[in-house]
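> Provided herewith is a single structure, encoded as structure tokens, for subsequent inquiry.
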Amino acid sequence: MAKVTSYGAASMVTGSCHLLEINSIKIMMDCGMIQGELWKSNYEPFGFDPSSIDYLILTHAHNDHIGRVPKLVKEGFRGEIIATEATLDIAYIMLLDSANLLQEEYETQLRKALRRGEEASVIEPLYTKEHVEQVFTHKIRRVKYDEILTIAPFLKLSLHNAGHIMGSAFVEINYEEESVVKTVVFSGDLGSKNRLLLNDLAPISHADTLFIESTYGDREHRALQASIQEFKDAVVSTLNDGGNIVIPSFALERTQEILWLLHQMHQEGLLHNCHVFLDSPLAIEATKIYQKYPAQMNQTVGLHVSLGDDPFAFPQLKHTPRRKDSMQINDVDKRTIIIAGSGMCTGGRVLHHLRQRIWNPKNAVIFVGFQVKGTLGRDIIDSEPFIRIYGEDIKVRAKIYTINGLSAHADRADMLAWIKHIGGLAMIHLIHGEVDKMELFKAYLKENVDSKVHIVKKAETIYL
């Protein structure tokens, strides 16, 4: 009997990793990094034999869905990787960046341990650049949306547009078991409707079983236009006060959306005498990939591209790929917008900018993405009076804005509308969410759909 075992993003938000077994075929859906309080779990054994996996499907290239793929390869995976072309392009730069961060953290901890004479206690990096390169020497199948792949006579699969980030997909698997054809769908991460850049989430007409993310299962986002106005108001008021703005931003999708909004603000005359820095080498590279796939953009953005107008560029914008360039941003003391990673403030250049600016009441920090428990970003939006950066306690005096309506994730209304179009749906399994939010989403679904609803626990095996 077909079965699914969830080794990550089960009763938690990150670390997506779900193993589907149909007859003798083993298919893994994502292999993501665990973020936040449980980050040390990344170094633990997988709980399954990586060499036994036949296929690895990547739903999209966020680190919490791909971040442990090099570890999977390092520990014996030799199967085929399946993903959209854009996802594979983005995954390559994301994983190289992840390897760099792991190496830098290792070297930092090693230097400290050497001074204490405790170097034997420092754990080797989870993986290196060499392991990342090995991922992309595997057999890789680049697929288009809605293309049907025949894996075996009894098993077919296809990837459909999830509307979350560039290249993102949900996975439809059709299989025959005891002369009965069944369908199981894995959502990956789903996008909210009317996104700023991308085409909307595709519908799915039929499934027997659905594994669906529930990141925002407890709420409905603020209306997009209201969120855009809130963002613009925060930027304009801070600039008019002579302050600086720090935007901790994810390199994928969110940064490109912010650039598009700032592009519009430039055209509206709202960024006069202002400096904008994209201070993230990864985001700079990711933006180049977005420019490579204009067909995935929605009609509004696509029209700008067709007219030769780059939606991610405007005169005030400067890229700062080198560390030297990043440090020189401190020489500009007012009317500055800094977009930097990491999006949850767990590392990267944004920490330096927060350290320099979050104590000043003239400045602002604008959060435009979800902040996992245990991250510095979550501490800031939870109104902690002090934050600790590089061993220094810093008073939080800057204005803090949280713009929820720009989320790349579907909210509960979006997900319900999508689910209601799925015919024959008997069972919904909730994954990729905080437990309290999943409980609320479960109750919400039980009021609105006839399907049974279950919250998946880590390492739980579910028979389909």
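The values are calculated or read from the model by the stated rules, or taken from the named source; none is laboratory data. Computed from a prediction, not measured in an experiment: that's the story for all the values here. No Cβ is skipped: glycine too gets one built from the backbone with ideal geometry, and neighbour counts run over all protein chains shown. To get the accessible areas, we keep the full protein, side chains included, count just its heavy atoms, and leave off ligands, DNA and RNA. Shrake-Rupley method; radii C 1.70, N 1.55, O 1.52, S 1.80 Å.
> Would you mind getting me the FRET efficiency between ASP309 and TRP359? Use the beta-carbon distance for r and R0 = 41 Å, nearest 0.05. Spell out each step's value before the answer.
Working: r = 39 Å, r/R0 = 0.95.
For R0 = 41 Å, the calculated efficiency reads 0.60.
> Place a +1 charge on the Cβ of each Lys and Arg in the chain and a -1 charge on the Cβ of each Asp and Glu, then give the dipole magnitude about the Cα centre in debye, rounded to the nearest 20. Before the final figure, lay out each step's value.
Working: 50 positive and 58 negative charges, 192 e Å.
The dipole of the chain has a size of about 920 debye.
> Lysine pairs in region 355-464 with Cα distance under 25 Å, only those 8 or more apart or on different chains: how many are there?
22
> Could you please put MET265, MET94 in sequence from largest to smallest accessible area, using a 1.4 Å probe?
Values: MET265 0, MET94 20 Å².
Most to least solvent-accessible, the answer reads MET94, MET265.
> Quote the FRET efficiency, to the nearest 0.05, computed for ILE389 versus THR137 with a Förster distance R0 of 35 Å and r equal to the Cβ-Cβ distance. Intermediate values should be presented prior to the final figure.
Working: r = 39 Å, r/R0 = 1.10.
Calculated transfer efficiency: 0.35.
> Right, another one. State the Cα centre-to-centre distance between region 1-49 and region 387-429 in whole Å.
21 Å
> Right, here's the next one. Using only protein heavy atoms and a 1.4 Å probe, report how much of ASP146 is accessible, in Å² to the nearest 10.
100 Å²
> While we're looking at this one, here's another question. What net charge is computed for the residues neighbouring PRO70, neighbours being all others with C-beta under 11 Å from the C-beta of PRO70, Lys and Arg scored +1, Asp and Glu -1? Working shown, then result.
Working: positive: ARG68, LYS71, LYS74, LYS129; negative: GLU75, GLU130, GLU133.
Net of charged neighbours comes to +1.
> To the nearest 0.05, what FRET efficiency results for ARG116 and LYS40 with a Förster distance of 25 Å applied to their C-beta separation? Walk me through the numbers on the way to the answer.
Working: r = 20 Å, r/R0 = 0.79.
About 0.80, to the nearest 0.05.
> Order MET1, MET415 by their accessible area, 1.4 angstrom probe, all chains in place, largest first. The partial results should precede the final answer.
Details: MET1 145, MET415 0 Å².
Greatest to least solvent exposure: MET1, MET415.
> Out of the DSSP beta bridges found with both residues in the chain, what percent are antiparallel (nearest 5)? Could you put the intermediate results ahead of the total?
Details: 36 of 78 bridges.
Counting only bridges with both partners in the chain, antiparallel ones make up about 45 percent.
> Subtracting the Cα-Cα distance from 0.36 nm times the residue separation, let me have the gained length for ALA226 to LYS324 in nm, one decimal.
On the way: separation 98, 0.36 × 98 = 35.28 nm, distance 3.74 nm.
Computed gain between ALA226 and LYS324 is 31.5 nm.
> Would you kindly state how much longer the chain becomes between MET427 and LEU270 on full extension, computed as 0.36 nm times their sequence separation minus their alpha carbon distance, in nm to one decimal? Kindly include the intermediate steps, with their values, before the conclusion.
Values: separation 157, 0.36 × 157 = 56.52 nm, distance 4.95 nm.
Net length gain for the segment: 51.6 nm.
> Could you tell me the accessible area of LEU196 in Å² (1.4 Å probe, neighbours in place), rounded to the nearest ten?
20 Å²
> Could you derive backbone 3J(HN,Hα) for region 227-244 from the dihedral phi with the Karplus parameters 6.51, -1.76 and 1.60 (θ = phi - 60°), listing whole Hz in sequence and x where the residue is Gly or Pro?
Along region 227-244, the couplings run 5, 4, 5, 4, 4, 4, 4, 5, 5, 5, 5, 5, 5, 5, 7, x, x, 10 Hz.
> OK, next. How much accessible surface does ASP393 have with a 1.4 Å probe, in Å² rounded to 10?
100 Å²
> Nothing charged except the Cβ atoms of Lys and Arg (+1) and of Asp and Glu (-1): what's the magnitude of the dipole of region 62-220 about its Cα centre? Round to the nearest 20 debye. Mind dumping the intermediate values first?
Values: 18 positive and 26 negative charges, 72 e Å.
Value, rounded to 20: 340 debye.
> Provide ILE66, ILE93 ordered by accessible surface of protein heavy atoms (probe 1.4 Å), highest first. Can you show the working numbers first?
On the way: ILE66 0, ILE93 30 Å².
Listed by decreasing accessible area, they come as ILE93, ILE66.
> Measuring from centroid to centroid over Cα atoms, what is the spacing of region 301-374 and region 193-271 in Å?
15 Å
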